[in-house]
Amino acid sequence: MLIESGLGIAITGSGSALPTATIDNHRLVELVETSDEWITTRTGIHQRRLATPQESLSALATQAASAAIEMARITPTDLDLIILATSTPDDLFGSACQIQTQLGASRAVAFDITAACSGFVFGLVTAAQFIRTGVYQNVLLIGADILSRWVDWTDRSTCVLFGDGAGAVVLQAHSSDRLLGFELRSDGTQNNCLNLSYQPQPKELIPGVSIGKGTYAPITMNGKEVYRFAVQKVPEAIEKALFRGNKSVDEIDWLILHQANQRILDAVALRLNIPAHKVISNMARYGNTSAASIPIALDEAVRQGKIQPDDIIATAGFGAGLTWGAAIFQWGR
Ligand code: UT7
């Protein structure tokens with residue numbers, strides 16, 4: 001194994017994993033008042049994968065991670081750090097340590113981060129800081145979500161959108177820095193646009209001492225607001241990241257956005273003047289897989305041979321928080 005020293009990073013491997021159960025738009029008609037025509041024209045989604053009760057988030061994430069580790073030509077014991085970006089861990093205390101054990105990555109420190117559908121981009125930048133400071137050399141970043149556990153399956157405005165999956169990348173220390181630029185943003189004033197929030201019910205433990213016992217309520221979303229926000233903010237973030245990387249829009253080989261809605265992808269590409277053949281989209285098959293959508297799309301494009309070493313990729317995530325972020329990087333060593 002070659003470990004290059006230096007304070008730069010390279011993304012040297014990718015992997016993805018999806019549950020096998022597929023449900024297409026026609027089957028959703030059995031659940032809610034909707035139609036294949038509405039879902040297809042409004043979102044571009046045709047089908048999605050759903051995790052069975054036996055399929056855990058950590059198992060899907062481990063599968064995606066193993067493929068990324070293999071592509072990077074390292075072994076799990078080479079890993080210094082594992083970051084799991086998820087909003088739907090198997091355990092609210094975090095699932096990264098379970099993944100560490102399942103991989104046999106005994107040297108790695110592991111923790112979860114939550115930034116909803118921006119989780120992968122936020123995780124990418126977080127991972128890069130540990131390498132750039134010289135602290136760690138081999139970092140595994142996973143984006144994984146099983147939102148089907150938290151969707152209201154009677155709410156047609158949200159349940160048709162989401163799917164489950166996991167994607168992963170390996171970042172390694174490199175003599176040149178291949179993360180060319182980034183921009184991360186948050187705006188809590190719009191927090192109520194997209195929530196999966198805890199609903200406490202008062203429970204008196206002993207006289208005068210009450211706690212909030214409860215569970216998380218299913219996802220609620222103001223689709224129109226989130227749509228507007230994404231189409232406005234994502235191009236700005238990509239432009240800032242490009243500026244910091246001293247790159248122009250013309251130099252982008254591939255645009256990989258969070259796969260939320262085909263209309264958002266088209267509108268962002270149009271605003272940036274990026275031609276459609278450079279826009280990677282797989283949401284027709286998987287729906288919106290939240291933190292997993294970018295690494296799944298990246299991995300598919302790499303394995304299909306679309307993305308070649310040294311290609312320049314512009315990526316951006318956006319979603320609950322509200323959060324959004326963009327990163328420009330060059331693929332491979
Ligand atoms: O990953 C997190 C980030 N999330 C996003 O990026 C989501 C952003 N938002 C969107 O992608 C879109 O806003 C949606 C796909 C969620 C909705 O599309 P829209 O064009 O904004 O539709 P709408 O919410 O304005 O609804 C239009 C109509 C409504 O009926 P009325 O009020 O016009 O009679 C809805 O009740 O469509 C109705 N509708 C549906 N009809 C059939 C909403 N959901 C459905 C459905 N099937 N599944």
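The values are calculated or read from the model by the stated rules, or taken from the named source; none is laboratory data. It should be emphasised that the depicted structure is a prediction, and the values quoted were computed from it without experimental measurement. Virtual Cβ from ideal backbone geometry, glycine too; neighbours counted across all protein chains shown. Only protein heavy atoms, including side chains, enter the accessible area calculation; ligands, DNA and RNA are left aside. Shrake-Rupley method; radii C 1.70, N 1.55, O 1.52, S 1.80 Å.
Checked against the criterion of being outside the structural domain of F318 (by TED's automatic domain parsing), assigned to a helix (DSSP H, G or I) and at pLDDT 95 or above, segment 159-168 contains one or more residues that satisfy it. Within the bounds of segment 241-257, is there any residue that is under 25 Å from W150 (Cβ atoms), of a type in the set (A, V, I, L, M, F, W, C) and out of contact with any strand residue (DSSP E or B) (no Cβ under 6 Å at 6 or more places or on another chain)? No: segment 241-257 contains no residue that is under 25 Å from W150 (Cβ atoms), of a type in the set (A, V, I, L, M, F, W, C) and out of contact with any strand residue (DSSP E or B) (no Cβ under 6 Å at 6 or more places or on another chain).
Of all residues in segment 265-284, those that are in contact with a Gly (Cβ under 7 Å, 6 or more places away or on another chain) and open to solvent by less than 10 Å² (accessible area, probe 1.4 Å) total 1.
Listed by position, the helices (runs of 4 or more DSSP H) enclosed by segment 1-77 that each have at least 3 residues that are more than 20 Å from the chain's Cα centre (by Cα) are 25-28, 36-43.
Could you say which residue among V226, V169 is within 16 Å of the ligand (Cβ to nearest atom) and in contact with a helix residue (DSSP H, G or I) (Cβ under 8 Å, 6 or more places away or on another chain)? None of the other options fit; the residue is V226. For the residues R156, R244, the requirement of being under 30 Å from T22 (Cβ atoms) and among the basic types (K, R) singles out R156.
Select from segment 290-320 the residues that are in contact with a helix residue (DSSP H, G or I) (Cβ under 6 Å, 6 or more places away or on another chain) and within 20 Å of S118 (Cβ to Cβ) and list them in ascending order. Listed by number, the residues that qualify are S290, A291, I294, P295, A314, T315, A316, G317, F318, G319, A320.
Taking segment 239-263 as the range and being open to solvent by 10 Å² or more (accessible area, probe 1.4 Å) and within 16 Å of the ligand (Cβ to nearest atom) as the test, the residues that pass are A260, N261, Q262, R263.
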